[in-house]
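> For reference, the structure I am asking about is given below.
The values are calculated or read from the model by the stated rules, or taken from the named source; none is laboratory data. Since the structure is predicted, the reported quantities are computational estimates derived from the model, not experimental observations. Cβ coordinates were reconstructed from backbone atoms using ideal geometry, including for glycine residues, and neighbour counts include every protein chain displayed. Ligands, DNA and RNA are excluded from the accessible area calculation, which covers all protein heavy atoms including side chains. Shrake-Rupley method; radii C 1.70, N 1.55, O 1.52, S 1.80 Å.
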Amino acid sequence: TTATNSIYMVTMSAPTNIAVIKYWGKADTHYNTPINSSLSVTLDQTELRAITTIAVSKQFTKDRFWLNGVEEDELLHSPRFRACIEGVQKLAQDHYDAQGNLIYSKEDWKHLHLHISSYNTFPTAAGLASSAAGYAALVAALCQLYHAVETFPGEFSTIARQGSGSACRSMYGGIVAWRQGTPKQEWRDSKAEPVLEDWPQLRALLLVVSDSKKDTSSTTGMQTSVQTSMLLQYRAQHIVPARLQAMEQACHARDFGTFAQLTMQDSNQFHATCLDTYPPIFYMNDISRQIVRIVTVYNSWAGELRAAYTFDAGPNAVIYCLEQHQQHLAALLCHYFPIPKGALSGLDTSSMALEE
Ligand code: 2P0
């Protein structure tokens, strides 16, 4: 076994994901399962990530957690956070060093305290799915720490789901579905499933309209929607199943036009259910609506769907397009929303002149 003063550390990161068929509404609040399946694109080629380091030592006397450098005791002791730690701990294995000596046994893990530090490389709680990346990175780091092994495919994603619903989808890259699952066996089939490993030409432009914290948290918002919006119930039962199937087909065929149309319609419908909620929830603002107009005009100018907007629980837009239209679209958007000097990095602005 290890010396008492040794510290064992792991670091893992997870990307954010942006849903094109949205999750909104819980079927079971305890197991954190949804009233409809959803589908998202994991932004795994970007730097939009949560990075989580976990340290373990026999010297630690209690669990501690820092988010972006600030200690967050309440979050650490929340049922969702505990569900992640305990969920992965159940799958822990003994841990040996390179020489085959036992360092930590399964029993040890139950008594050892953790120091967890997590950073987001993007604004927290501004509708850029920070909880998705955050809980996915937490679960990934715990899995690494505990040398956890799944007892069925997708089990790790069921644990991330209990941290935050959308986090289960960030456990895989590419295009990922979250199957709503059934109550039997504690909803073990409410899990993420990779749908398409990647779509190399697909691009996402992120338009940060505001990086301040959102007014209505997703958890509270969707609870009110489930209680008051009949439109949400109708959507979950009668619209999403067929739309999801059409979306999966479009992804497999890499049919961007269909993908774009379904994406925009689903975003619109999600925000319609927010308006149908009582009291109503407004996530999009005037700038968000201007972005919708620009994309609509751009698509009708092109005579085909070349860009697809989508908005989550905040005013920020994500615009999907194909690689060949990325520069043109970025130039158009920069024309209407000039970017402050120095705020752009990694983009070649010299080639961004509008062609028309
Ligand atoms: C989604 N959103 O599918 C939808 C679209 C926001 C709009 O998942 O309560 O943070 O932690 O399970 O996952 C945001 O909700 O909610 C979300 P919890 P979560 O991406």
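> Scan region 187-207 and give yes if some residue there is assigned to a helix (DSSP H, G or I), outside the structural domain of Ala260 (by TED's automatic domain parsing) and among the polar types (S, T, N, Q), otherwise no. Spell out how you get there, then give the answer.
Here is the first cut: in region 187-207, the residues assigned to a helix (DSSP H, G or I) are 187.
With the extra rule that they be outside the structural domain of Ala260 (by TED's automatic domain parsing), the set shrinks to 187.
From the residues that got through so far, the ones that are among the polar types (S, T, N, Q) too are none.
No: zero hits.
> State whether the residues of region 53-60 include one that is surrounded by fewer than 19 Cβ atoms within 10 Å (Cβ to Cβ), closer than 23 Å to Ser170 by Cβ and within 16 Å of the ligand (Cβ to nearest atom).
There is no residue in region 53-60 that is surrounded by fewer than 19 Cβ atoms within 10 Å (Cβ to Cβ), closer than 23 Å to Ser170 by Cβ and within 16 Å of the ligand (Cβ to nearest atom).
> Same structure, new question: Hey, which of the strands (runs of 3 or more DSSP E) in region 1-103, taking only ones fully inside, have at least 1 residues that are touching an Asp or Glu at 6+ places or on another chain (Cβ under 6 Å) and in contact (Cβ under 8 Å) with a residue 12 or more places away in the chain?
7-15, 17-21, 64-67
> Suppose the filter is of a type outside the set (Lys, Arg), buried (at least 21 other Cβ atoms within 10 Å of the Cβ) and more than 16 Å from the ligand (Cβ to nearest atom); does Tyr146 pass it?
Values: of a type outside the set (Lys, Arg): yes; buried (at least 21 other Cβ atoms within 10 Å of the Cβ): yes; more than 16 Å from the ligand (Cβ to nearest atom): yes.
Against the criterion (of a type outside the set (Lys, Arg), buried (at least 21 other Cβ atoms within 10 Å of the Cβ) and more than 16 Å from the ligand (Cβ to nearest atom)), Tyr146 qualifies.
> Can you confirm whether Gly221 is in a helix (DSSP H, G or I), small (Gly, Ala, Ser) and within 28 Å of Cys321 (Cα to Cα)?
Values: in a helix (DSSP H, G or I): yes; small (Gly, Ala, Ser): yes; within 28 Å of Cys321 (Cα to Cα): no.
The answer is no for Gly221.
> Just checking, how many residues over region 156-186 are surrounded by 20 or more Cβ atoms within 10 Å (Cβ to Cβ) and part of a helix (DSSP H, G or I)?
Selection size over region 156-186: 15.
> Let me ask you something else. Does region 35-42 contain at least one residue that is out of contact with any Gly (no Cβ under 8 Å at 6 or more places or on another chain), among the hydroxyl-bearing types (Ser, Thr, Tyr) and open to solvent by 50 Å² or more (accessible area, probe 1.4 Å)?
No - not one qualifying residue is present in region 35-42.
> Which is touching a residue at least 24 places away in the same chain (Cβ under 8 Å) and assigned to a helix (DSSP H, G or I), of Gln326, Gln265?
Details: Gln265 fails: touching a residue at least 24 places away in the same chain (Cβ under 8 Å).
Every option except Gln326 fails the conditions.
> Confirm whether Asn68 is open to solvent by 10 Å² or more (accessible area, probe 1.4 Å), modelled with pLDDT under 95 and within 15 Å of the ligand (Cβ to nearest atom).
Numbers: open to solvent by 10 Å² or more (accessible area, probe 1.4 Å): yes; modelled with pLDDT under 95: yes; within 15 Å of the ligand (Cβ to nearest atom): no.
Here the answer is no, as Asn68 does not meet what is asked.
> From the residues in region 275-330 that are among the polar types (S, T, N, Q) and under 24 Å from Val226 (Cα atoms), which one is most open to solvent (accessible area, probe 1.4 Å)? Before the answer, list the steps.
Keep residues of region 275-330 that are among the polar types (S, T, N, Q), which gives 277, 285, 288, 290, 296, 299-300, 310, 316, 324, 326-327.
Still in the running and under 24 Å from Val226 (Cα atoms): 277, 285, 310, 316.
Working: Thr277: 2, Asn285: 52, Thr310: 2, Asn316: 6 Å².
Going through the qualifying residues, I end up with Asn285.
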